[in-house]
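Structure first, then comments.
The values are calculated or read from the model by the stated rules, or taken from the named source; none is laboratory data. Fair warning: this is a prediction, and the values are worked out from it, not measured in the lab. Here the Cβ positions follow ideal geometry from the backbone for every residue, glycine too, while neighbour counts run over all protein chains shown. Quick note on the areas: whole protein, heavy atoms, side chains included, nothing else; ligands and nucleic acids left out. Shrake-Rupley method; radii C 1.70, N 1.55, O 1.52, S 1.80 Å.
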Amino acid sequence: MIAAASLAVLMIAGAPVPVVAVQDATAQGVAFEPADIFAIPPAVRAPTDDETAQIERLVGEAETARDAERFDEAIQKAGELVAIAEATYGPHHPVTASSRNIIGQILYVRGDIDGAGAVFQQGLEDRRAALGDAHPDVAESLNNLASVASRQGRLDVSMARIQQAVQVWIAAYGEDHPDVLEGLKNLGWSHYDQGQYAQAEAAFRRADAVAGRLFGPDDPRRATAQTALGNTLSSLGRFDEAEAAYRAAVAAYVRPGAAPTTAAGLALNGLGNIRGLKGDHLEAADLFRQTTEIMGAVLGADHAFVGASLTHAGESLFRAGQAQRAEPLLRRGLEIREARNGVEHSETQLTRLRLAEVLLAQDRPLEAESLSRRAVAGLQTALGADHLETTRARQVWAQALGANGQTQAALDQAKQALTALESRPADDPYVLDARGRLAVLMRRSGDAGTALTVLGETPEAAEQRLGARHPASLSYRSERAEILADMNQGAAAWRELGQGALAGDPRASGLLDSGARATAMRRASRLKVRAAWIAAAD
């Protein structure tokens with residue numbers, strides 16, 4: 001089974017697959033009795049007893065090596081298996097297709113998406129011809145092709161294939177089966193990739209329940225569902241719940257003496273993401289460093305997952321105020337993602353966007369505008385104009401436009417980003433961020449009054465949702481003080497700077513423990529001087 005990956009919104013191998021009639025049988029609770037593929041007559045000759053024993057041994061050895069991520073060994077064993085299967089059962093027999101399937105899975109994990117897709121497509125055709133549409137092996141081929149389609153950015157195709165696969169598996173096995181578990185997780189990722197987070201959460205929770213019934217609450221095999229659930233809860237802005245899910249997954253995978261695995265890397269990556277969203281950027285950068293080391297050790301230094309973790313590490317260093325350290329990581333991440341995912345892939349665009357932010361921080365707005373404009377166009381094509389990632393990219397583009405003096409264009413993009421988030425709760429961190437960014441642009445355009453209205457109660461909402469010490473909360477407070485100062489309301493600006501975590505000695509309150517917080521406190525200190533002068537002039 002191939003599990004869709006949370007570090008990459010993934011890619012296709014053919015035309016959309018029609019939904020088969022098994023839907024009706026599933027709805028009626030009819031269970032299928034899967035055909036035994038070994039009972040189908042060989043196309044060449046019956047294998048000898050010795051060959052049958054070799055097939056059984058090689059299947060076990062290849063799958064064991066694959067599951068342990070000893071990929072060279074797994075490829076060797078699967079190759080021997082395919083040779084025997086072709087010589088006896090024939091090149092298009094379902095036994096041969098199952099043997100080749102192991103090779104396709106390894107090609108997929110190693111990043112050869114086109115090679116994996118070709119293997120899976122041939123397997124689907126061979127299995128369907130021999131077994132019909134409603135066999136679990138056909139569902140496996142559909143599931144694998146769904147993962148390939150996701151990696152290629154063909155999200156509608158991926159969704160159609162994984163829905164069909166889950167229907168077949170449930171009809172054949174009932175819900176409590178390992179194949180159904182993996183299918184439900186992949187269904188969740190299909191919803192997630194299309195920004196359908198409520199549906200994704202439902203699928204992941206359903207998968208988690210299946211895993212709990214199959215393996216027990218503390219089994220590591222349940223942890224992949226926890227990682228997936230964490231990603232979705234994070235996108236929904238429910239950060240505390242997301243962190244709990246990620247920590248459960250990390251505890252299952254990252255133990256003393258445990259070998260590095262991609263699942264461990266994905267769990268660490270998710271935890272790093274949530275720590276960054278909570279403002280602990282240096283902690284996040286270290287978690288992403290661990291992710292990079294694990295993914296590199298398991299998959300190789302040029303794998304797409306390594307490009308993803310380098311992107312996240314670079315972003316975390318940037319958020320911590322270390323833009324110069326972040327830039328080479330992001331450039332390397334972009335190089336890997338362009339080579340592995342494709343130049344215009346949505347994941348590549350996200351790395352391009354992070355690099356644009358770093359260049360903005362280094363006062364290189366022309367380069368940043370070009371990169372962010374390209375990222376917005378690519379994400380809009382791949383994910384849609386109102387997708388969360390497209391919206392966040394639009395905010396960066398607006399910032400770059402503003403830095404280049406294109407004020408009206410910047411305001412237009414920032415307003416469009418905020419409008420796209422209207423369906424989310426008012427205290428959603430992504431909504432608060434969009435309001436804060438738009439307010440900054442409006443203040444800098446000279447419209448302080450409107451900026452104050454747009455910012456509204458964002459500082460209070462952020463303190464309630466994220467905590468008073470979060471860098472965003474500090475930033476929103478400072479922004480409102482600066483708007484008031486621009487309106488010559490020095491006393492009001494001074495009072496603002498005495499609210500929340502801005503009050504008191506920053507050293508005593510531990511507010512200089514991160515680059516982002518320290519930057520916010522330096523800004524507040526400068527504003528206090530300005531506010532005092534304005535108040536004195538009154």
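Quick look at the numbers
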| item | result |
| --- | --- |
| Residues that are aliphatic (A, V, I, L, M) and either under 19 Å from L142 (Cα atoms) or crowded, with 22+ Cβ neighbours inside 10 Å (or both), drawn from segment 171-209 | A171, A172, V180, L181, L184, L187, A200, A203, A207 |
| A377 vs. criteria over 21 Å from I113 (Cα atoms) and free of Cβ contacts under 8 Å to residues at least 24 places away in the same chain | yes |
| Qualifying residue in segment 472-491 (condition: on the phi < 0 side of the Ramachandran plot, assigned to a loop (DSSP other than H, G, I, E, B) and either touching a residue at least 60 places away in the same chain (Cβ under 8 Å) or touching an Asp or Glu at 6+ places or on another chain (Cβ under 8 Å) (or both)) | no |
| Test result for A198, among the small types (G, A, S) and either within 19 Å of G384 (Cβ to Cβ) or modelled with pLDDT of 95 or more (or both) | yes |
| Filtered residues of segment 244-303 (kept if open to solvent by 10 Å² or more (accessible area, probe 1.4 Å), in contact (Cβ under 8 Å) with a residue 60 or more places away in the chain and on the phi > 0 side of the Ramachandran plot) | G300 |
| Subset of segment 222-243 (residues that are touching a residue at least 24 places away in the same chain (Cβ under 8 Å) and open to solvent by 40 Å² or more (accessible area, probe 1.4 Å)) | R222, T224, L236 |
| Segment 497-513 - residue that is at pLDDT 80 or above and among the hydrophobic types (A, V, I, L, M, F, W, C) and, of those, most open to solvent (accessible area, probe 1.4 Å) | A501 |
| Whichever residue in segment 472-491 is crowded, with 18+ Cβ neighbours inside 10 Å and of a type in the set (A, V, I, L, M) and, among such residues, is farthest from A537 (Cα to Cα) | A472 |
| Out of A382, A377, A398, A403, sole residue that is open to solvent by less than 30 Å² (accessible area, probe 1.4 Å) and either under 23 Å from Q322 (Cβ atoms) or out of contact with any strand residue (DSSP E or B) (no Cβ under 7 Å at 6 or more places or on another chain) (or both) | A398 |
| Filtered residues of segment 327-348 (kept if of a type in the set (K, R), touching a helix residue (DSSP H, G or I) at 6+ places or on another chain (Cβ under 6 Å) and without any contact (Cβ under 8 Å) to a residue 40 or more places away in the chain) | R332, R337 |
| Within segment 80-107, considering residues that are open to solvent by less than 10 Å² (accessible area, probe 1.4 Å) and within 24 Å of G296 (Cα to Cα), the one modelled with the highest pLDDT | G104 |
| Number of positions in segment 514-524 that are over 11 Å from P471 (Cα atoms) and either open to solvent by 70 Å² or more (accessible area, probe 1.4 Å) or modelled with pLDDT under 85 (or both) | 1 |
| Single match in R66, R57 (criterion: basic (K, R), out of contact with any His (no Cβ under 7 Å at 6 or more places or on another chain), surrounded by fewer than 16 Cβ atoms within 10 Å (Cβ to Cβ) and at pLDDT 65 or above) | R57 |
| Segment 204-220, residues that are under 26 Å from G276 (Cα atoms) and modelled with pLDDT under 90 | P220 |
| L155, sole failed condition from (1) modelled with pLDDT under 95; (2) open to solvent by 30 Å² or more (accessible area, probe 1.4 Å) | (2) |
| The lone exception for A78 - which of (1) small (G, A, S); (2) touching a Ser or Thr at 6+ places or on another chain (Cβ under 9 Å); (3) in contact (Cβ under 8 Å) with a residue 40 or more places away in the chain it fails | (3) |
| In segment 198-218, the residues that are more than 13 Å from A245 (Cα to Cα) and either outside any helix (DSSP H, G or I) or not aliphatic (A, V, I, L, M) (or both) | Q199, R206, G212, R213, F215, G216 |
| Candidate set from segment 432-471 (those that are open to solvent by 20 Å² or more (accessible area, probe 1.4 Å) and among the small types (G, A, S)); member that is farthest from F239 (Cα to Cα) | G446 |
| Meets criteria (hydrophobic (A, V, I, L, M, F, W, C) and without any contact (Cβ under 8 Å) to a residue 24 or more places away in the chain) for L124 | yes |
